[in-house]
1. Can you send over the carbon and sulfur percentage of the accessible area for the chain, probe radius 1.4 Å, protein chains only?
2. Of all alpha-carbon pairs in the chain, indicate the percentage at a distance above 22 angstrom.
3. So how strong a dipole does the stretch 2-88 carry about its Cα centre when Lys and Arg Cβ are +1 and Asp and Glu Cβ are -1, to the nearest 20 debye?
4. Kirkwood Rh over alpha-carbon pairs of the stretch 133-193, then Stokes-Einstein at 20 °C and 1.002 mPa s: what D in µm² s⁻¹, rounded to an integer?
5. Starting from the Cα of D117, move 7 Å in the Cα-to-Cβ direction to define the label point; list residues of the stretch 168-193 whose amide nitrogen is under 16 Å from there.
6. Excluding residues fewer than 8 places away in the same chain, name every one of the lysines whose C-alpha is closer than 16 Å to that of K39.
7. What does the convex hull of the Cα atoms of the stretch 79-193 come to per residue, in Å³, rounded to a whole number?
8. Stretch I68-L139 to full length: gain in nm at 0.36 nm per residue minus the Cα-Cα span?
Amino acid sequence: HNASTCALSDNYDVKYYRCCWNTNPAINLVSGNITTYFKPQLVLDSIQMDASISLSIDSVLYHNSKIIFSQLTGDVLQINFPVSVRSLDSVTVFYHGIPPSSGFGSFTQSSHGPNQDPIIWTLSEPYGARDWWPCKMTLNDKADSIDTYITIPTGNKAASNGLLNEIISQGANYTYHWKHRHPIAAYLIAQAV
């Protein structure tokens, strides 16, 4: 992958990502939802995001309603709005899939230690973020801040960018909430379980 194959995304500015992932380190799978807050550079009827064609987009929510989307060749997710978007707004993409692995191993399921404990880790440099989450992958637009919520089976720990804000117990799972409040490029957003 190279920059010339990124989605056509110069018409909006990413302000914030809320990344919610369900991760079982024993299973090579990604699932969850990504909420992107963005500011249009001009009046928009649609936006494009980077997302591997290997990912199944389950739905896209805009103001709590499902809207039309399509997955295009070149790992592009096209999102069509029911109205023109003129100011700061947001969209949530629900998805799942078995990510391809590019660059330095953008999404890797493996094991470590004497007990061969299962692990999943990400390293998206340079253009591997779209392998495992829908985003704006260009390097010249950083999100101002992010929150990551990683839900994992009991007995594991989850790391991401920034500071650990809370660990929420949910039956047989825990959700680790990490907060990052500095500009960050999509390829630097990571999880390790």
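1. About 52 percent, which is the carbon plus sulfur part of the accessible surface.
2. For the chain, the fraction of Cα-Cα distances above 22 Å is 44 percent.
3. Here the stretch 2-88 has a charge dipole of around 280 debye.
4. 174 µm²/s
5. Flagged as within label range: 174, 176, 192-193.
6. K15, K136, K142
7. 144 Å³
8. That pair, I68 and L139, stretches by 22.9 nm at full extension.
The values are calculated or read from the model by the stated rules, or taken from the named source; none is laboratory data. Owing to the predicted nature of the structure, the values given are computational and were not obtained by experimental measurement. Glycine also receives a Cβ, built like all others from the backbone with ideal geometry; neighbour counts cover every protein chain displayed. Remember, those area values only see protein heavy atoms, side chains included, never the ligands or the DNA or RNA. Shrake-Rupley method; radii C 1.70, N 1.55, O 1.52, S 1.80 Å.
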